[in-house]
Amino acid sequence: MARILFLYSSVYGQARKVCERLQAGLAADGHQCLVAPLGEPGHDPAGFDAIVIGASIRHGKHNPAVLEFIRQQRALLEAKPSAFFSVSLVARKPGKNTAETNPYTKAFLARSPWKPRVAAVFGGVLDYQRYGLFDRYAIKLIMTITKGPTDLHTAVEFTDWNAVDEFSRRIAAMVAGGGR
């Protein structure tokens with residue numbers, strides 16, 4: 001069985017939560033999995049058989065540290081089975097919930113020198129009460145434009161956990177195939 005490293009960059013924790021769900025599914029199949037924040041010292045990616053990177057969107061962009069990590073570790077990511085997923089509120093909408101159709105993920109992957117073997121996009125969490133004042137009203141404006149929930153007491157998880165489980169199966173198949 002494989003040793004799989006899940007690295008995440010998350011603002012409110014949904015990318016971490018997705019990594020933990022993926023970890024549970026793959027660990028049930030006998031894989032040894034570690035979930036860690038991207039950039040946390042002490043977890044050498046070279047010591048793993050596969051690497052999965054998950055990142056959330058904030059203000060229309062992934063954390064710049066994600067792309068920096070990819071640039072630094074490109075050779076390693078290309079040498080091993082590797083995958084990427086993104087979490088965003090835009091992915092709550094049909095037609096914007098795949099790596100091929102989500103505008104933020106498409107733009108990110110176009111800028112990235114690494115092309116993951118497997119990629120996915122998952123809806124995030126809308127929880128107005130967790131946001132600071134600026135974010136609360138900026139997101140409300142975006143939700144108004146995109147016909148999403150605008151009640152400032154809304155707390156809803158848009159993550160399709162069945163899609164996350166399917167992504168877990170795709171990762172398992174990728175690992176079983178041994179890479180590229």
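The values are calculated or read from the model by the stated rules, or taken from the named source; none is laboratory data. Because the structure is predicted, anything quoted here is derived from the model rather than measured. Here the Cβ positions follow ideal geometry from the backbone for every residue, glycine too, while neighbour counts run over all protein chains shown.
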Residue match in segment 51-67 (condition: over 14 Å from the mean Cα position of the chain (by Cα), surrounded by 13 or more Cβ atoms within 10 Å (Cβ to Cβ) and hydrophobic (A, V, I, L, M, F, W, C)): no
Could you tell me which of the residues A91, A36 is touching a residue at least 24 places away in the same chain (Cβ under 8 Å), part of a strand (DSSP E or B) and of a type in the set (A, V, I, L, M, F, W, C)? A36
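Okay, residues lined up against (1) of a type in the set (V, I, T); (2) touching a helix residue (DSSP H, G or I) at 6+ places or on another chain (Cβ under 9 Å); (3) more than 18 Å from V125 (Cα to Cα); (4) in a loop (DSSP other than H, G, I, E, B):
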| residue | (1), (2), (3), (4) |
| --- | --- |
| H43 | no, no, yes, yes |
| I53 | yes, yes, yes, no |
| S56 | no, yes, no, no |
| L77 | no, yes, yes, no |
| N97 | no, yes, no, yes |
| E100 | no, yes, yes, yes |
| Y104 | no, yes, no, no |
| F108 | no, yes, yes, no |
For segment 1-12, what are the residues that are without any contact (Cβ under 8 Å) to a residue 60 or more places away in the chain and within 17 Å of N63 (Cα to Cα)? F6, Y8, S9, V11
Based on this model, can you work out whether R92 counts as of a type outside the set (V, I, T) and more than 13 Å from the chain's Cα centre (by Cα)? yes
Pick from segment 1-56, criterion β-branched (V, I, T) and within 19 Å of F158 (Cβ to Cβ), ranking: modelled with the lowest pLDDT: V11
If a residue must be surrounded by 15 or more Cβ atoms within 10 Å (Cβ to Cβ) and among the small types (G, A, S), how many such residues does segment 135-180 contain? 4
